[in-house]
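Have a look at the structure below before the remarks.
The values are calculated or read from the model by the stated rules, or taken from the named source; none is laboratory data. What you see is a predicted model, and the numbers here were worked out from it, not measured in a lab. Note that each Cβ is placed from the backbone with ideal geometry, even for glycine, and that neighbours are counted across all protein chains shown. Areas reflect the complete protein model, heavy atoms only, side chains present, ligands, DNA and RNA absent. Shrake-Rupley method; radii C 1.70, N 1.55, O 1.52, S 1.80 Å.
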Amino acid sequence: MEMQNHPNLLGVNSQTNLLPSPSASNFLPEEDASTCPLLSSQTPSPPLAFSHPLTSSGGDIDSQMDSSNNGEDTKAEEEISNSSASSSGIVMDVADSVFNKLAYQQYLKNGNDITQETGLAGNGHLNHLAYLNIPLSKDTPDFVSWNWPLIRKCTFFVFMSSLLAMVAIVIAMIATLPTSCNPKTAWYRGFVFYEIFPPSFQDSNKDGIGDLLGIRSRIEYLEKLGVRAVRLNSIFSSPHYPEDFNNVTSLTEIDHHIGTISDFELLVQNLNQRNISLILDLPIYPYLKKLGESTNWPNFVNESSTTTTMESILSESVNPITLAMKYWIALGVSGFYIKGLENFANDVYLIDNLSEWKSTLGNDRALIVSDSLIKSLDKEAASKVINYVDLVDVHVLLTNGTTSIENHINDTMKGVFAPTEAGPWIHWSLGGVGKERPTRGVSANITLASILMQLMLPGTPSIFYGDEIALDSLRDLHNEHSESRHLHHLSIMQWNNGAQFTSSETLPWLPKGATATFQNFEDVSKMIKLRDRSPALYKNHIEKNSELEQNTVLHHIKDNVLIVERRYPRRHTFVSVTNFGNNNLLLDVSSNYYSGLVMIGRTRNEKVYFDKFSIGPMETIVVKLDK
């Protein structure tokens, strides 16, 4: 393309004759001097003189320059000389007159003002093409004029923010990961209940009778113990409460001695805040002589407890048990123990009533009955009853010897009580409102040993208030309270923190006199917490190839020793060794077990070997077996 002369373009004035470089034969021998393609001159471009970089001929060439160029700007000469130096080390000396003083000029093209020296386009943004001396045109892409420094900054900011956000999310996920991936069960399956007779637990108004607000004041104690549910034996009105607590006159009215509906709601609310559920005993016998016909009313659960709601509940059903359940469910109750249902084993409406009651409760609430009901039914009726029952209360009798205990537990875990996921679970109890206490005036050690053994059994253990501290029955050595002998096992609760059952100026409804061993509390609490986190203890079966098998094995060896073994796949196996006798024993059970760590009893984390396993009288030691 031929260049056109233009007055605004740069011109080059050069000598007609330039001295050849002494080293021309060594550098670019066949190349001719070139001119800048953007420059035009009226005279032919003079040949350029090259000098070898290792020679000092530059001074000679300068002396041969035309004297007419001596007046040119020295600074321009240096700039031209520096810009013409090659990377190969060749130094090209150009005379002052090679370029004239009209250096680069600004020019306009296609409406864009290009400033060659500053690299700024007419719109004020940095034009990268300006560095390359390329003018903008209509064919130039739009992204060329974008504000790339700002784009880079924004991109870097977004990248770093995203990186920090991802790191924060990963840290949060790690922090919130559960400490274990144990299998889950319903709240009433496998965990520990605590049974309270309200008049004997804690008095809050100094009238000598325990009440609902007194129980509320002891919630921290229950939480520290580690129980999952509190079961209240009897809160209903009766003519002579609490002595005649079984002779209730209503299933929806709280006896005025222990509190009001507002007190009850406050207790439920505070328990739920500590993840503790509330269960009520419903003593239907002798309050009812026969079961009513089931009306199959639809499930009705309303969380409100206003007067209007209660009136609507009372008008929804004619079945008194269903009515009572709906009433208390609306107040926050999570389950019911139907006391005395065994007296209606031959009632034609038994199955229909159980079906209606379970429908009223739903899957999230528990329905409990006594094993005496199941035993009083034929096999066909029993198989129907257990379809509507969540827990079956089984009392473990400790007075007939170790062999009797082993046989009772093994027999209970068979038949209709066999471990299952969908069917009823066993509700183990050692005492209760109608049973003697394990201590029974013999030794506090037997109570602790029995409770630790009970907490090793599959199902849902229930601790009667005070047994965790080996509370004894009331001791009436001089027979001064023979009229209340049937209530002596309901001795008032004792506390170890300075506060007592009632004020020192008030006489409790039962006389004082029972003993307690407060140091037992720590071992019982540790065992409950160990059970809560160990599937081998709180699960009652192992599911293998879609079949269920027991995870409990009992061993009875001589000298009144009972061993309970609990296992679960890929989890630690636990063994409890209980000596129900009165002598120290040195056992060799190495044929079954080798070694392990003591979890409860003696010194924790003590290493033991089963070839020489020593155990004291009326003691239970819980060991985590070595894998």
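Which members of the range 413-437 meet the condition of being closer than 20 Å to L377 by Cα, free of Cβ contacts under 8 Å to residues at least 60 places away in the same chain and either touching an Asp or Glu at 6+ places or on another chain (Cβ under 6 Å) or open to solvent by less than 20 Å² (accessible area, probe 1.4 Å) (or both)?
Scanning the range 413-437 gives G423, P424.
For the range 402-432, which residues satisfy the criterion of being over 15 Å from L562 (Cβ atoms) and of a type in the set (S, T, Y)?
Answer for the range 402-432, where residues must be over 15 Å from L562 (Cβ atoms) and of a type in the set (S, T, Y): T420, S429.
Looking only at residues in the range 479-512 that are farther than 26 Å from I279 by Cβ and either open to solvent by less than 40 Å² (accessible area, probe 1.4 Å) or β-branched (V, I, T) (or both), which one is modelled with the lowest pLDDT?
Top of the filtered list is S484.
Taking only pairs six or more apart or across chains, which ones have beta-carbon atoms under 9 Å, a first residue in the range 164-187 that is among the aliphatic types (A, V, I, L, M), and a second residue that is open to solvent by 70 Å² or more (accessible area, probe 1.4 Å)?
A186/N363; A186/D364
D93 - would you say it is of a type in the set (D, E), modelled with pLDDT under 75 and open to solvent by less than 60 Å² (accessible area, probe 1.4 Å)? Write out each step before concluding.
Details: of a type in the set (D, E): yes; modelled with pLDDT under 75: yes; open to solvent by less than 60 Å² (accessible area, probe 1.4 Å): yes.
It is true that D93 is of a type in the set (D, E), modelled with pLDDT under 75 and open to solvent by less than 60 Å² (accessible area, probe 1.4 Å).
Exactly one of (1) in a helix (DSSP H, G or I); (2) open to solvent by 20 Å² or more (accessible area, probe 1.4 Å); (3) not basic (K, R) is unmet by N346. Its number?
The one condition N346 does not meet is (1).
Going through G208, G214, G190 one at a time, which residue ends up being open to solvent by less than 60 Å² (accessible area, probe 1.4 Å) and either farther than 25 Å from S473 by Cβ or in contact with a strand residue (DSSP E or B) (Cβ under 9 Å, 6 or more places away or on another chain) (or both)? Let's see the steps before the verdict.
Numbers: G208 fails: either farther than 25 Å from S473 by Cβ or in contact with a strand residue (DSSP E or B) (Cβ under 9 Å, 6 or more places away or on another chain) (or both); G214 fails: either farther than 25 Å from S473 by Cβ or in contact with a strand residue (DSSP E or B) (Cβ under 9 Å, 6 or more places away or on another chain) (or both).
Checking each option against the conditions leaves just G190.
So if I check each of D244, D263, which one is over 24 Å from T322 (Cβ atoms), free of Cβ contacts under 8 Å to residues at least 40 places away in the same chain and of a type in the set (D, E)? Give the derivation first.
Values: D263 fails: free of Cβ contacts under 8 Å to residues at least 40 places away in the same chain.
On inspection, the qualifying residue turns out to be D244.
Just a yes or no: is a residue in the range 364-371 of a type in the set (S, T, Y), surrounded by fewer than 21 Cβ atoms within 10 Å (Cβ to Cβ) and within 30 Å of N560 (Cβ to Cβ)?
Going residue by residue through the range 364-371, those that are of a type in the set (S, T, Y) are 370.
If we keep only those that are surrounded by fewer than 21 Cβ atoms within 10 Å (Cβ to Cβ) as well, we get 370.
Now narrow it down to the ones that are within 30 Å of N560 (Cβ to Cβ): 370.
For the range 364-371, residues of a type in the set (S, T, Y), surrounded by fewer than 21 Cβ atoms within 10 Å (Cβ to Cβ) and within 30 Å of N560 (Cβ to Cβ): present.
Considering the range 581-612 alone, what residues qualify as being open to solvent by less than 60 Å² (accessible area, probe 1.4 Å) and of a type in the set (K, R)?
none
Residues of the range 533-547 being surrounded by fewer than 16 Cβ atoms within 10 Å (Cβ to Cβ) and of a type outside the set (S, T, Y), which ones? Explain how you work it out, then say what you get.
Just the residues of the range 533-547 that are surrounded by fewer than 16 Cβ atoms within 10 Å (Cβ to Cβ), to begin with: 533, 543-547.
Answer for the range 533-547, where residues must be surrounded by fewer than 16 Cβ atoms within 10 Å (Cβ to Cβ) and of a type outside the set (S, T, Y): R533, E543, K544, N545, E547.
What number of residues within the range 249-278 satisfy the criterion of being open to solvent by 50 Å² or more (accessible area, probe 1.4 Å) and on the phi > 0 side of the Ramachandran plot? Reasoning before the result, please.
Filtering the range 249-278 for residues open to solvent by 50 Å² or more (accessible area, probe 1.4 Å) gives 249, 253, 256-257, 260-262, 265-266, 269, 272-275.
Narrowing further to those that are on the phi > 0 side of the Ramachandran plot: 275.
Looking only at that region, the number is 1.
State which residue is least open to solvent (accessible area, probe 1.4 Å) when the search covers only the range 444-478 and only residues that are over 19 Å from L225 (Cα atoms) and out of contact with any helix residue (DSSP H, G or I) (no Cβ under 9 Å at 6 or more places or on another chain).
Taking the candidates together, the pick is I446.
Answer yes or no: is there a residue in the range 568-580 that is in contact with a strand residue (DSSP E or B) (Cβ under 6 Å, 6 or more places away or on another chain), closer than 18 Å to W428 by Cα and either in a loop (DSSP other than H, G, I, E, B) or without any contact (Cβ under 8 Å) to a residue 24 or more places away in the chain (or both).
Here is the first cut: in the range 568-580, the residues in contact with a strand residue (DSSP E or B) (Cβ under 6 Å, 6 or more places away or on another chain) are 572-579.
Of the ones still in play, those that are also closer than 18 Å to W428 by Cα are 576, 578.
Checking the rest, the ones that are also either in a loop (DSSP other than H, G, I, E, B) or without any contact (Cβ under 8 Å) to a residue 24 or more places away in the chain (or both) come to none.
Among the residues of the range 568-580, not one is in contact with a strand residue (DSSP E or B) (Cβ under 6 Å, 6 or more places away or on another chain), closer than 18 Å to W428 by Cα and either in a loop (DSSP other than H, G, I, E, B) or without any contact (Cβ under 8 Å) to a residue 24 or more places away in the chain (or both), which makes the answer no.
Would you mind stating whether I615 is among the hydrophobic types (A, V, I, L, M, F, W, C), crowded, with 20+ Cβ neighbours inside 10 Å and closer than 29 Å to C181 by Cα?
Values: among the hydrophobic types (A, V, I, L, M, F, W, C): yes; crowded, with 20+ Cβ neighbours inside 10 Å: yes; closer than 29 Å to C181 by Cα: no.
No: the conditions fail for I615.
Answer yes if at least one residue in the range 534-553 is farther than 23 Å from G190 by Cα and in a loop (DSSP other than H, G, I, E, B), and no otherwise. Break it down into steps so the answer makes sense when it comes.
Looking only at the range 534-553, we keep the residues that are farther than 23 Å from G190 by Cα, and these are none.
No, there is no match, as no residue in the range 534-553 is farther than 23 Å from G190 by Cα and in a loop (DSSP other than H, G, I, E, B).
Looking at I313, I338, can you tell me which residue is modelled with pLDDT of 60 or more, hydrophobic (A, V, I, L, M, F, W, C) and within 30 Å of R228 (Cα to Cα)?
On the way: I313 fails: modelled with pLDDT of 60 or more.
Just a single option satisfies the conditions, and that option is I338.
Check the range 193-202 and report whether any residue there is in a loop (DSSP other than H, G, I, E, B), modelled with pLDDT of 95 or more and open to solvent by 60 Å² or more (accessible area, probe 1.4 Å).
Just the residues of the range 193-202 that are in a loop (DSSP other than H, G, I, E, B), to begin with: 197, 201-202.
Now narrow it down to the ones that are modelled with pLDDT of 95 or more: 197, 201-202.
Still in the list and also open to solvent by 60 Å² or more (accessible area, probe 1.4 Å): none.
No, that holds for no residue.
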